[in-house]
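Novice: What follows is a structure written as structure tokens; I'll ask about it next.
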Amino acid sequence: MWALTCIAPENMGLTTSSLDAPVITPRQSHLFEPDALEGVHGTFEVAKQEPIHSWYPYLEGYSAALVDSLRVKYMPAARRIIDPFAGTGTSPLTLGCVGVECGYCEVNPTMSYVIQTKLSALDLVRAQRIRVSERLLEISGSLCAMASVSTPANDLRNNYRLCFGDGKFFAKETFEDVLRLRSICDSEIERDGITGELMALAVLANLVPCSLLKRAGDVRYKTAAELKKGVPPLIDSVAQHISRIARDLVFAPQLQTRPALLAMDAKDLRNVPSFKADGVITSPPYLNGTNYIRNTKLELWFLREILNSEGLRSLRDRVVTSGICDVLANKKNEAPHPLLAPILHELSRNAYDRRIPKMVASYFADMHVVLQGLWHQVNPGAVICIDIGDSRYGAVNVPTQDLLSAICESIGFILVEKLPLRQRVSRDQSKLSQDILILRREEDGKRPRALVQASVTNQERWRWFKEAVPHQQPPYDKRNWGHPLHSACSYQGKMKPSLAHFLVHCFSRPGQTVLDPFSGAGTIPFEAALQGRVAVGFDISLMACAVTRAKLSEPNQGALDDLIQRLRSFIEEYEPSPEVMDAAAKVAFNRPVPEYFHPATLREVLAARRFFRQTRDESSEWAFAMTAMLHILHGNRPYALSRRSHPVTPFAPTGPTDYRPLIPRIQDKLDRMLETPRSPEFRQGRVYLMDLLAEWPDDCKRIDAIITSPPFFDSTRFYMTNWMRYWFSGWEREDFDEQPRRFIESLQRESLSIYGDIFRRFRQNLNAGGVVVFHVGQSRKCDMASEIVKRASDFFVAEAVFTEDVTHCEKHGVRDKGTVTAHQYVVLRPN
């Protein structure tokens, strides 16, 4: 709805006065009363005139007014809303601009590109928008000249033949212009990503209108009469479109909350961790025979998403079946609800194509899977708004609204209202309708018994993980994704929280016991605890156990305050002896410890080190305070006690030697650690300071899932990259020579046979139906997955091995991160 309020100048350029115009804020957006919706709002007609939404024409789209009005009327307090069929992003964009978190799905790569480009544009601050807009206007004004000297993209020319054979979709000169525009876009993307992406979006919007094809339902060739009216020139059309985007961009609203891609395929929603949404606003594919993938074949080719004739077929296989060409011989065709059976019988007698009954059955079977996923994704009481219309084949009416309502009720939704939106007509001129189904999710206890017992298997979730690689997708690919306590203490070698999140989700269930025997920073146990699992961690390092315990248990505020007050008093009275100073100076790996601190700060650090050694216990309060202390020990920000160094590895210090008092900094860190509450599902866990080859505690002898990431074979030595924090935790200089001999990174360099003893322990303490999941690194020196499978063979069977390329991963400012080029996942089951 906000899009209707955007102000854009009428002139093709941007004047100084226009750039000073007020920016429309999202809360100014609501122009319609919720009951004032008209049928046109359920179509793309209104969106054709709306900035942002009009950047890519979409026949199957709807208006922002529809989204805004449904939200205001049926879920005004919703903080999270899902759209499993996002199309060109109307719901995610509209909701994001009013501060509502939107989780979405979109399986068509063209639409995903449109959504991501729009989101990136709306993420720009005003100064960036003006810069990008000015560049777009510059390109618009000189596009003809740029195209005349541009080299055609010959890879696209070759792909065209492989994708479409002899198909002629463009006039000859237009085809050459397309190839030239691709080259210009590529150059601009390399120069400035978002500008080139917006230019490519303008090309996408004009490919079909400027071709020999027409999008009318399905894409088809233009008739002779239509061609006689003329085909718009591509370069001029794209230039005008770029100009329009440039004008819209400056005055469009800012995203208040960035939408999150939950899964590409909506049928995978039951495999994805719950978004805990308060509502759903969506318009699934209509059962109208339209092939939504083939309709964007030119765009897919231009984006290099299809490289040969098999590309379209593989994409079509993933969509919800809605067209005859989507029907697969191996797709399940049984009716997901008894009401559908007589309709399928009538269609088999009357349909003009024998594939139609299969198409109808597959459509509802696919939608059944999507709706099951939505039940999993939303909170009890959530409101579901589905824009949908009925269909007609061979004089047989298919009441899609009623059938979807029945399927929804069988899953655990109840129909609240069927809101008429507009009248439609079928090809035989029979009356059809477009309605909005308003449903509500029942409480968990009221769900049909058969569905309470049904569950998605670990294998299904694992299949989804391998296909989607979700931790590499927005927003999960962000370094700071997840609960802030994941960043309680800097720690080299820490697994990405989103990866731990999905591994726990895929291989365990709430209430099950999940162990990480190489706990490290506690990322896997913490994610298990946040998802309602019984989380357990082992580690041989005191530092690691302290950080893990801080995440797995919640401190008492009064007891924590008392501990900090005792620390304050201890610091005030403590004076380090010459022996203590000499011992600290001997720990000198990049530089001696004293060189990192102002003398007064060093005295306080030494006092704190002695205090934490003397007061050490297994309380949450001690672990919490110790973790905060370890984090502030060194870094490159004002929070750190040291001179300027690296927050992960204490490189040689630089910069001035200023006094930095300890108590205010540790108190500030503790306050920030306590700011964000844990999830409602959080269960306090346990951590043990121990060697995993020793006898396991009695409460760790019936483990359901062992999910772990041991030190990679070729990794850097953790105790050295974290040397100052190991020193603070109690190590003296000689410990750095002696203690590492017990560490797995040292033992496995001598012989990988150590894993035989590890797997024996695993087998002794794992439940019969349990699972072991290893996340390891592959390097030129060692194929770790193959070694693990071999060493585990006496106790476990390898169920799956999956390799993920990680050469793209960021290094967080640390130059030496070993020679790991891929991450490997090994799934083991007891033999």
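The values are calculated or read from the model by the stated rules, or taken from the named source; none is laboratory data. Values in this document were obtained by computation on a predicted structure and should not be read as measured data. For neighbour counting, all protein chains shown are included, and Cβ atoms are generated from backbone atoms with ideal geometry for every residue, glycine included. To get the accessible areas, we keep the full protein, side chains included, count just its heavy atoms, and leave off ligands, DNA and RNA. Shrake-Rupley method; radii C 1.70, N 1.55, O 1.52, S 1.80 Å.
Novice: Is there a residue in the range 570-593 that is assigned to a helix (DSSP H, G or I), in contact with a Ser or Thr (Cβ under 9 Å, 6 or more places away or on another chain) and surrounded by 19 or more Cβ atoms within 10 Å (Cβ to Cβ)?
Specialist: Taking every residue of the range 570-593 in turn, none turns out to be assigned to a helix (DSSP H, G or I), in contact with a Ser or Thr (Cβ under 9 Å, 6 or more places away or on another chain) and surrounded by 19 or more Cβ atoms within 10 Å (Cβ to Cβ).
Novice: Additional query: The conditions are (1) within 21 Å of P84 (Cα to Cα); (2) open to solvent by less than 10 Å² (accessible area, probe 1.4 Å), and D390 fails exactly one of them. Which is it?
Specialist: If we test D390 against (1) within 21 Å of P84 (Cα to Cα); (2) open to solvent by less than 10 Å² (accessible area, probe 1.4 Å), just (2) comes out false.
Novice: Hey, can you tell me all the residues within the range 106-132 that are under 30 Å from V320 (Cβ atoms) and not aliphatic (A, V, I, L, M)? Show your work before the answer.
Specialist: Residues of the range 106-132 under 30 Å from V320 (Cβ atoms): 106-123.
E106, N108, P109, T110, S112, Y113, Q116, T117, K118, S120, D123 - these are the residues of the range 106-132 that are under 30 Å from V320 (Cβ atoms) and not aliphatic (A, V, I, L, M).
Novice: Hey, another quick one. If M199 satisfies all but one of (1) open to solvent by 20 Å² or more (accessible area, probe 1.4 Å); (2) at pLDDT 95 or above; (3) under 24 Å from T151 (Cβ atoms), what's the number of the condition it fails?
Specialist: (1)
Novice: Hey, can you tell me all the residues within the range 641-695 that are free of Cβ contacts under 8 Å to residues at least 12 places away in the same chain, in a loop (DSSP other than H, G, I, E, B) and within 36 Å of the chain's Cα centre (by Cα)?
Specialist: P677, P680
Novice: Scan the range 146-186 for residues that are more than 15 Å from L234 (Cβ to Cβ), out of contact with any Leu (no Cβ under 8 Å at 6 or more places or on another chain) and free of Cβ contacts under 8 Å to residues at least 40 places away in the same chain and report the count.
Specialist: Qualifying residue count for the region: 7.
Novice: Would you be able to say whether some residue in the range 48-64 is crowded, with 21+ Cβ neighbours inside 10 Å, among the β-branched types (V, I, T), over 12 Å from I281 (Cβ atoms) and within 18 Å of the chain's Cα centre (by Cα)?
Specialist: no
Novice: Collect the residues in the range 773-801 that are part of a helix (DSSP H, G or I) and of a type in the set (A, V, I, L, M, F, W, C), keeping them in residue-number order.
Specialist: M784, A785, I788, V789, A792
For (1) among the acidic types (D, E); (2) modelled with pLDDT under 95; (3) over 30 Å from V772 (Cβ atoms); (4) in contact with a helix residue (DSSP H, G or I) (Cβ under 6 Å, 6 or more places away or on another chain), each residue gets a yes or a no:
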{"residue": "P638", "(1), (2), (3), (4)": "no, yes, yes, no"}
{"residue": "I666", "(1), (2), (3), (4)": "no, no, yes, yes"}
{"residue": "T676", "(1), (2), (3), (4)": "no, yes, yes, yes"}
{"residue": "L689", "(1), (2), (3), (4)": "no, no, no, yes"}
{"residue": "D699", "(1), (2), (3), (4)": "yes, yes, no, no"}
{"residue": "T716", "(1), (2), (3), (4)": "no, yes, no, no"}
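Novice: Looking at R760, R741, R725, which is the one that is part of a helix (DSSP H, G or I) and buried (at least 16 other Cβ atoms within 10 Å of the Cβ)?
Specialist: None of the other options fit; the residue is R725.
Novice: OK, next. Any idea which of (1) assigned to a helix (DSSP H, G or I); (2) farther than 30 Å from V132 by Cα is the one R220 doesn't satisfy?
Specialist: Looking at each condition in turn, R220 falls short on (1).
Novice: Let me confirm something: among R672, R610, which residue is farther than 30 Å from K276 by Cα and open to solvent by 30 Å² or more (accessible area, probe 1.4 Å)?
Specialist: Sole residue among the options that is farther than 30 Å from K276 by Cα and open to solvent by 30 Å² or more (accessible area, probe 1.4 Å): R610.
Novice: Out of all the residues in the range 219-260, which are surrounded by fewer than 16 Cβ atoms within 10 Å (Cβ to Cβ), charged (D, E, K, R) and out of contact with any strand residue (DSSP E or B) (no Cβ under 7 Å at 6 or more places or on another chain)?
Specialist: K228, K229, D236
Novice: Now for a separate question. From G537, G482, G511, G558, which residue is open to solvent by less than 30 Å² (accessible area, probe 1.4 Å) and either under 30 Å from Q614 (Cα atoms) or modelled with pLDDT of 85 or more (or both)?
Specialist: Details: G482 fails: open to solvent by less than 30 Å² (accessible area, probe 1.4 Å); G511 fails: open to solvent by less than 30 Å² (accessible area, probe 1.4 Å); G558 fails: open to solvent by less than 30 Å² (accessible area, probe 1.4 Å).
Exactly one residue qualifies, and that residue is G537.
Novice: Let me ask you something else. Would you mind stating whether V370 is buried (at least 19 other Cβ atoms within 10 Å of the Cβ), part of a strand (DSSP E or B) and either at pLDDT 85 or above or in contact with a strand residue (DSSP E or B) (Cβ under 9 Å, 6 or more places away or on another chain) (or both)? Let's see the steps before the verdict.
Specialist: Details: buried (at least 19 other Cβ atoms within 10 Å of the Cβ): yes; part of a strand (DSSP E or B): no; either at pLDDT 85 or above or in contact with a strand residue (DSSP E or B) (Cβ under 9 Å, 6 or more places away or on another chain) (or both): yes.
Judged against the criteria, V370 is not a match.
Novice: Just to be sure before I move on: is I189 over 30 Å from the mean Cα position of the chain (by Cα), in a helix (DSSP H, G or I), within 28 Å of L124 (Cβ to Cβ) and of a type in the set (A, V, I, L, M, F, W, C) in the structure I sent?
Specialist: Taking the combined requirement at face value, the residue does not satisfy it.
Novice: Scan the helices (runs of 4 or more DSSP H) fully inside the range 97-180 and keep the ones with 1 or more residues being in contact with a Ser or Thr (Cβ under 9 Å, 6 or more places away or on another chain) and open to solvent by 30 Å² or more (accessible area, probe 1.4 Å).
Specialist: So the answer is 126-149, 154-164.
Novice: Are any of the residues in the range 285-294 modelled with pLDDT of 95 or more, in contact with a helix residue (DSSP H, G or I) (Cβ under 9 Å, 6 or more places away or on another chain) and either under 30 Å from E467 (Cβ atoms) or not hydroxyl-bearing (S, T, Y) (or both)?
Specialist: Within the range 285-294, none of the residues are modelled with pLDDT of 95 or more, in contact with a helix residue (DSSP H, G or I) (Cβ under 9 Å, 6 or more places away or on another chain) and either under 30 Å from E467 (Cβ atoms) or not hydroxyl-bearing (S, T, Y) (or both).
Novice: Does the range 408-425 contain any residue that is without any contact (Cβ under 8 Å) to a residue 40 or more places away in the chain, buried (at least 18 other Cβ atoms within 10 Å of the Cβ) and in a helix (DSSP H, G or I)?
Specialist: yes
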